[in-house]
Amino acid sequence: MGCTPAPAVSGLFWAVRAEGAEREHKGGPQPLALPPPPISKARSSAGARERETLALSPESPASPPASAAAAAPDLPPLLCLVSAQMERLLKDDAIEEKGERARMASFVGAMAIADLVKTTLGPKGMDKILQSTGRGRSVTVTNDGATILKSLHIDNPAAKVLVDISKVQDDEVGDGTTSVVVLAGELLREAEKLVNMKIHPMTIIAGFRMALECARNALLQRTMDNKENTDKFRADLMNIAMTTLSSKILSQDKEYFAELAVDAVLRLKGSTNLEAIQILKKPGGSLKDSFLDEGFILDKKIGIGQPKRIENAKILVANTAMDTDKVKIYGARVRVDSMSKVADIEAAEKQKMREKVQKIIAHGINCFVNRQLIYNFPEELFADAGILAIEHADFEGIERLALVTGGEIASTFDNPESVKLGHCKVIEEIMIGEDRLIHFSGVEMGQACTIVLRGASEHVLDEAERSLHDALCVLSQTVNDTRVLFGGGWPEMVMAKEVDELARKTPGKKSHAIDAFSRALQAIPTTIADNAGLDSAELISQLRAEHHKENCTAGIDVITGSVGDMQKLGIQESFKVKQAILLSATEAAEMILRVDEIITCAPRRREDRM
Ligand SMILES: Nc1ncnc2c1ncn2[C@@H]1O[C@H](COP(=O)(O)OP(=O)(O)OP(=O)(O)O)[C@@H](O)[C@H]1O
Ligand SMILES: [Mg+2]
């Protein structure tokens, strides 16, 4: 692990070469599993010792730490002592990386992650296949930044920070998970150039902070708000949903799905509880056969001999083991000396089951849904009592059923008065494709609905669900914060212009950082254009010129491959998403910039704890 810096090479290139790995980071295809950053062992690695000693005395040969003074006879004794102390500071298996090397390792990792997802950005972005090497070798085809990054096993700590912001973006606002990583990566790419120009990271951070404030204000001034006008607001929501869906698998039918998503979200009447919207995937048919259904659909069959339709249903949702009272055949050994005793045991067991079923029936219900199995005998008893009994409903299924029918999941039945039953108008069996399912309509939580997705295969359905989830999240956020912006690179150009002006007004080295921030912002429209196979340099310069006019609404029209009017094209985005992208990306870049040392610690061993 020699670390002789090649002269006149960029720091980034240097760090990669010094590692000896063939991963020259020049924008080409990136490896999926990031190689670990250049590392040095604090004590156990002979290489590290060699470097430390070399740093003190370039001519002296490598030598063990105990003889540091002997190895560097020219050094003053105090310095030798400090050096030996430093070496003893960390335990054997701890790894330490310092200064320039640590910073470069972080930059390389973060930029590699950003470049990895970069190609998926925008309406013409490509998808990625993620194949697991585990059992089943499951395959996921996706365009969603968070899904891609979540599936990677990464060793680089800075790259992990970017993966994390993408996840947080997904949880908070649902969309923009690629943009946030690309922007953070670009900020670090620019910062790296400034560090190479010997500008201190703290100066860069101060500049970035000023630029962030300016960019945010620029966005705030240009937001549009139609919350007073219901029709216009619905049109905004439709546009936002279509913009979100246009970069996804549903882009062909984006109008249809945008309508579905807007209808579903408007039913919630301002609530952001997306739990009330169930997405049910049923392979078969085409994406266009998907539909919105009011109420709740449970993917289960009605048992034999039980009513196929119930009106004014009183539902008991439970998670209970119906065989608790059964003698566990595998757990206990029962010795009997005659067959009649076996019959007695069976009878006793049946009696216990009957008692439990009677307790449940005593709740005055006509539908019983259990998370666990119900078994034949109790099922017969329920059928005799005219009760619809549904067994083995999945966990999410019963939780959602309890939520939408206004009930609570019960597990004990001794006090019927303390159990909250769910209610709905009609329960009936329906058919979707070839499958029979149970439909609960007129549920207590009137806003609840189900979107039934149809599609050619499980993979298509999974990606359709992720895309629809993005749209639903963004819409529910927009219903709360009704400010909207144009899309297609418009917000980034608006911010870049203001930040550029701020850079010109700011004296001192900070202005370089502010200028760099403006360039990083422009990387988003550049990437959207590049991914669509357009001449990004030409388009961005045209776009910049357009944005110097007052009240400009120009952005990239990827369909015609030119600068287009975002207002006419109806490409809109939510302000909340853009703001989250801006803030998280800057914070993450700042955090990585502050690093000057990476210490990798092994978990404490048992003997240390004692
Ligand atoms: N029709 C369009 N023309 C131009 N740009 C568009 C169009 N539709 C969307 N965009 C732009 O594409 C970008 C969003 O791309 P994409 O959805 O691939 O990434 P993301 O939202 O950051 O991440 P993800 O959707 O994976 O969470 C936004 O900047 C948006 O303005
Ligand atoms: Mg998106």
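A short reminder: the numbers here are calculations on the coordinates, not readings from a lab. What you are looking at is a predicted structure, and each value in this text was computed from that prediction instead of being measured. Cβ: placed from backbone, ideal geometry, glycine included. Neighbour counts: every protein chain shown.
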**Request:** Based on other C-beta atoms within 10 Å, arrange Glu550, Glu97 from fewest to most.
**Result:** Glu550, Glu97
**Message:** Given axes a ≥ b ≥ c from the Cα gyration tensor, I'd like to know whether the stretch 296-445 is rounded (a/c under 1.5), prolate (a/b larger than b/c) or oblate.
**Reply:** prolate
**Summed residue charge, Cβ within 15 Å of Leu237's Cβ, Lys/Arg positive, Asp/Glu negative** = -3
**Message:** For a quick check: sort Ile279, Ile559 by the number of other beta carbons within 10 angstrom, fewest at the front.
**Reply:** Ile559, Ile279
**Message:** As an exercise, identify the GluC sites (Glu not before Pro) in the stretch 381-449 lying in DSSP coil whose Cβ has no more than 12 other Cβ atoms within 10 Å.
**Reply:** Glu434
**Message:** Using a Cα-Cα cut-off of under 22 Å, which lysines could be cross-linked to Lys425, ignoring same-chain neighbours fewer than 8 residues away?
**Reply:** Lys269, Lys300, Lys301, Lys308, Lys314
**Request:** Decide, for the stretch 472-610, between rounded, prolate and oblate: order the square roots of the alpha carbon gyration tensor eigenvalues as a ≥ b ≥ c, take rounded if a/c falls under 1.5, and otherwise choose prolate if a/b is larger than b/c, else oblate.
**Result:** prolate
**Complete:** For the stretch 142-211 the mean separation of alpha carbon contacts under 8 Å (6+ apart) over residue count, i.e. relative contact order in percent, is 23 percent
**Asked** So for the pair Ile345, Leu130, with labels modelled 7 Å out along Cα→Cβ, what separation do we get in nm?
**Response** 5.0 nm
**Request:** Let me know the shape class of the stretch 165-273, please: from the alpha-carbon gyration tensor, a ≥ b ≥ c as square roots of the eigenvalues, rounded when a/c is under 1.5, otherwise prolate if a/b is greater than b/c, or oblate.
**Result:** prolate
**Prompt:** Simple spin-label model, 7 Å along Cα-to-Cβ: Leu373 to Lys98 in nm?
**Reply:** 6.4 nm
**Asked** Looking at this model, which pairs from Lys254/Lys420; Lys282/Lys350; Lys510/Lys576; Lys150/Lys505 are more than 30 angstrom apart at the alpha-carbon?
**Response** Lys254/Lys420; Lys282/Lys350; Lys150/Lys505
**Item:** Of the trypsin sites (Lys or Arg not before Pro) in the stretch 521-585, those whose Cβ has at most 11 other Cβ within 10 Å and which sit in DSSP loop
**Value:** Lys549
**Message:** From Cα pairs below 8 angstrom and at least 6 apart in sequence, can you work out the relative contact order of the stretch 85-194, rounded to a whole percent?
**Reply:** 30 percent
**Item:** FRET E, pair Asp171, Lys352, Förster distance 45 Å, beta-carbon r, rounded to 0.05
**Value:** 0.50
**Asked** In whole Å, what is the distance between the alpha-carbon centres of the stretch 480-510 and the stretch 94-112?
**Response** 30 Å
**Request:** Of the DSSP beta bridges with both residues in the stretch 296-445, give the percent that are antiparallel, rounding to the nearest 5.
**Result:** 70 percent
**Message:** Going by Cα centres, the stretch 152-177 and the stretch 218-265 are how many Å apart?
**Reply:** 25 Å
**Request:** Taking the Cβ of each residue in His469, His153 as the centre, tally the other Cβ atoms inside 10 Å and list the residues starting with the fewest.
**Result:** His153, His469
**Message:** Quick check for me: using +1 on Lys/Arg Cβ and -1 on Asp/Glu Cβ, what's the dipole size of the stretch 296-445 about its Cα centre, in debye to the nearest 20?
**Reply:** 280 debye
**Complete:** Here the residues of the stretch 497-532 lying in the modelled label zone of Lys198, meaning backbone nitrogen under 15 Å from a point 7 Å along Cα-to-Cβ, are 509
**Request:** With a point put 7 Å past each Cα toward its Cβ, work out how far Gln221 is from Ala537 in nm, to one decimal.
**Result:** 3.2 nm
**Complete:** Between Glu550 and Glu396, the FRET efficiency computed from the C-beta separation at R0 = 51 Å comes out, to the nearest 0.05, as 0.50
**Prompt:** What FRET efficiency comes out for the pair Ala362/Asp299, r = Cβ-Cβ distance, R0 = 35 Å, nearest 0.05?
**Reply:** 0.75
**Prompt:** If we count every other residue with Cβ under 15 angstrom of Glu538's Cβ, Lys/Arg +1 and Asp/Glu -1, where does the sum land?
**Reply:** -3
**Complete:** The relative contact order of the stretch 296-445, taking Cα pairs under 8 Å that sit 6 or more residues apart, comes to a percentage of 39 percent
